[in-house]
Amino acid sequence: DKGNHRHFMQKEIFEQPTVVAQALGRYLDPVAGKVRLPHMPFELATVPKVTLVACGTSYYAALVARYWIEKLARVPVEVDIASEFRYREPVYMDGGLAIFISQSGETADTLAALRHAKAAGQRVATIVNVMGSTMAREADVVLPIHAGAEIGVASTKAFTCQLSVLAALAVDLAAAKGQIDEAQEAAFVQELETAPKLMAQVLANDEAIEEIARAIAPARDVLFVGRGIHFPIAMEGALKLKEISYIHAEGYAAGELKHGPIALIDENVPVIGIAPNDELIDKTVSNLQEIMARQGKVILLSDNAESEAEGMFARLEMPSAGELVTPILYAIPVQLLAYYAAVEKGTDVDQPRNLAKSVTVE
Ligand code: F6R
C-alpha cells in the first residue's frame, strides 16, 4: 500500500525517520548511554580486522562504515564489491570479522562471498533486512536493519537503516577496543538519537529539492562530488539518479575532479556538491569553485550558510549534525533528487528498466 504517495520509492523515502528510529531503538539504550548489539559468539575486542562486502547501494553503506570504524575503533577495514571479492584471493586474518551487507539477503555474489569467508574460518556476520533470507540463515551473527519491506527497486530506507546499524556497530567496537570511554560512548548514542528528527527536517524541505531536480532533469550528465565520509554518498546519489531517471551520473571524490573529469564540465553539466560543515568543507568548496570557473552548474548541499554561494546555481540548506549522522542526512536529498528527476522524465520509478529487486545471478 502506497498510502497517499505516488510511488513506493517516495513512500519509502518519507518513512525513513520512522524506520531509522525503529532500527536505532533496537541497537541503542539511550538511558544507559550504551550500544546493545545482538549476542556474538566471540569477543568484539579480539577482532583484528573487519572485512565489509556488498553490492550496489549496500556497498556504499560499507564504504561509509569504513570511515567510522577506522576512525573510532582504530581497526583496519577492508571493503569490496562482492562480485570482485573472492576472485582476488583476499587475505584474511585469523579471527577476522567479515560482514556481508544485503537488503534482500539473497544477492548471489554477496552470498557466495559470505560462503567464501566462512569456509576460510572467518567470523561471519550479516546485516540484512529480510530475516528469513539465505544470508541470515548462514551467518554466525545477524544484525537486522528493521526497515520493513522495501518494495521500490531502488534502495532507500534500507540504506539509511544499514548506516544506522553500522554506526552502532562502529561505536560498540570502539568501546570494546577501549578507544572510547563510557562518556564518549554515551555522547555518540545521544548523537545517533538525533537522526530521526533531523531527517524529518530534511524531508520537510522536499519542495526545494523537487525544484532543483526539475532543473537537472534535462541534463545528459550529472556529477556528484564529496570528500571523506560523504564521497560514498556522492556515489550513492549518482547510482540513484542513473538507475531511475536514466541520466548518466558519476560520483567522484571532490579532490579527484582535476585529475580528469573536470574536462567534462561545461554549462550543461550540473555538479552536486555534498559539503557539510566539517574539516573538509573549505577544500570541497574550492573544488566547486574550480567547476564554476568552467561554467559548471553547482548545486551545494551544506549546513554552512557562509560558504561561498556566489555563482552557484542552487543551494540546499541542511541541518547540522555530527559525523555519525551527516551521511544518513545527506542520503535523503540525493534520493529525492533522483526521485523527482525521474518523475519529471516520466520513467517507471518503482520498476526501472533492466533491474530486479533481488539479483540472484552472479
Ligand atoms: C540500488 C540498489 C542495488 C542494491 C544491490 C544490492 O538502488 O537497490 O544497487 O543495493 O543490488 O542488493 P542487496 O542489498 O539486496 O544485496
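The values are calculated or read from the model by the stated rules, or taken from the named source; none is laboratory data. Computed from a prediction, not measured in an experiment: that's the story for all the values here. Note: ideal-geometry Cβ built from the backbone for every residue, glycine included; neighbour counts use all protein chains shown. All accessible areas refer to the heavy atoms of the entire protein, side chains included, with ligands and DNA or RNA removed. Shrake-Rupley method; radii C 1.70, N 1.55, O 1.52, S 1.80 Å.
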| Quick one: in segment 68-77, which of the residues that are outside any helix (DSSP H, G or I) and open to solvent by less than 40 Å² (accessible area, probe 1.4 Å) is nearest to the ligand (Cβ to nearest atom)? | VAL77
| task | Determine whether segment 248-257 contains at least one residue that is closer than 17 Å to LEU288 by Cβ, more than 16 Å from the ligand (Cβ to nearest atom) and of a type in the set (Ser, Thr, Tyr). | result | yes
| field | Test set (1) open to solvent by 10 Å² or more (accessible area, probe 1.4 Å); (2) in contact with a helix residue (DSSP H, G or I) (Cβ under 6 Å, 6 or more places away or on another chain) - GLY121 fails condition number | value | (2)
| request: With the condition kept exactly as written, say whether any residue in segment 78-87 is assigned to a loop (DSSP other than H, G, I, E, B), in contact (Cβ under 8 Å) with a residue 12 or more places away in the chain and crowded, with 18+ Cβ neighbours inside 10 Å. | output: no
| Given the residues LEU173, LEU163, LEU192, which is the only one that is within 16 Å of the ligand (Cβ to nearest atom) and part of a helix (DSSP H, G or I)? | LEU163
| Can you spot a residue in segment 138-148 that is open to solvent by 60 Å² or more (accessible area, probe 1.4 Å) and within 25 Å of LEU28 (Cα to Cα)? | yes
| Residues of segment 340-359 being farther than 24 Å from VAL130 by Cα and either among the hydrophobic types (A, V, I, L, M, F, W, C) or open to solvent by less than 10 Å² (accessible area, probe 1.4 Å) (or both), which ones? | ALA341, ALA342, VAL343
| task | Return the only residue of ALA208, ALA195 being touching a residue at least 60 places away in the same chain (Cβ under 8 Å), surrounded by fewer than 24 Cβ atoms within 10 Å (Cβ to Cβ) and not acidic (Asp, Glu). | result | ALA208
| query | Is one or more of the residues making up segment 276-293 touching a Ser or Thr at 6+ places or on another chain (Cβ under 9 Å), assigned to a helix (DSSP H, G or I) and not hydrophobic (A, V, I, L, M, F, W, C)? | reply | yes
| Given GLN16, GLN10, which one is touching a residue at least 12 places away in the same chain (Cβ under 8 Å), within 16 Å of the ligand (Cβ to nearest atom) and open to solvent by 10 Å² or more (accessible area, probe 1.4 Å)? | GLN10
| note | The condition of being within 16 Å of the ligand (Cβ to nearest atom) and part of a helix (DSSP H, G or I) holds, among ALA98, ALA65, ALA45, ALA21, only for ALA65
| task | Mind listing whichever residues of segment 294-339 are part of a helix (DSSP H, G or I) and either surrounded by fewer than 22 Cβ atoms within 10 Å (Cβ to Cβ) or polar (S, T, N, Q) (or both)? | result | THR326, GLN335
| task | Give me the pairs, please: first residue somewhere in segment 345-362 and of a type in the set (Lys, Arg) and within 12 Å of the ligand (Cβ to nearest atom), second residue anywhere and open to solvent by less than 70 Å² (accessible area, probe 1.4 Å) and modelled with pLDDT of 85 or more, beta-carbon distance under 6 Å, and either six or more positions apart or on two chains. | result | LYS357/VAL153
| said: Among the listed residues SER58, SER104, identify the single one that is assigned to a loop (DSSP other than H, G, I, E, B), within 14 Å of the ligand (Cβ to nearest atom) and under 22 Å from HIS146 (Cα atoms). | reply: SER104
| remark: For segment 29-42 the number of residues that are under 15 Å from LEU173 (Cα atoms), modelled with pLDDT of 95 or more and either loosely packed, with under 11 Cβ neighbours inside 10 Å or among the aliphatic types (A, V, I, L, M) (or both) is 2
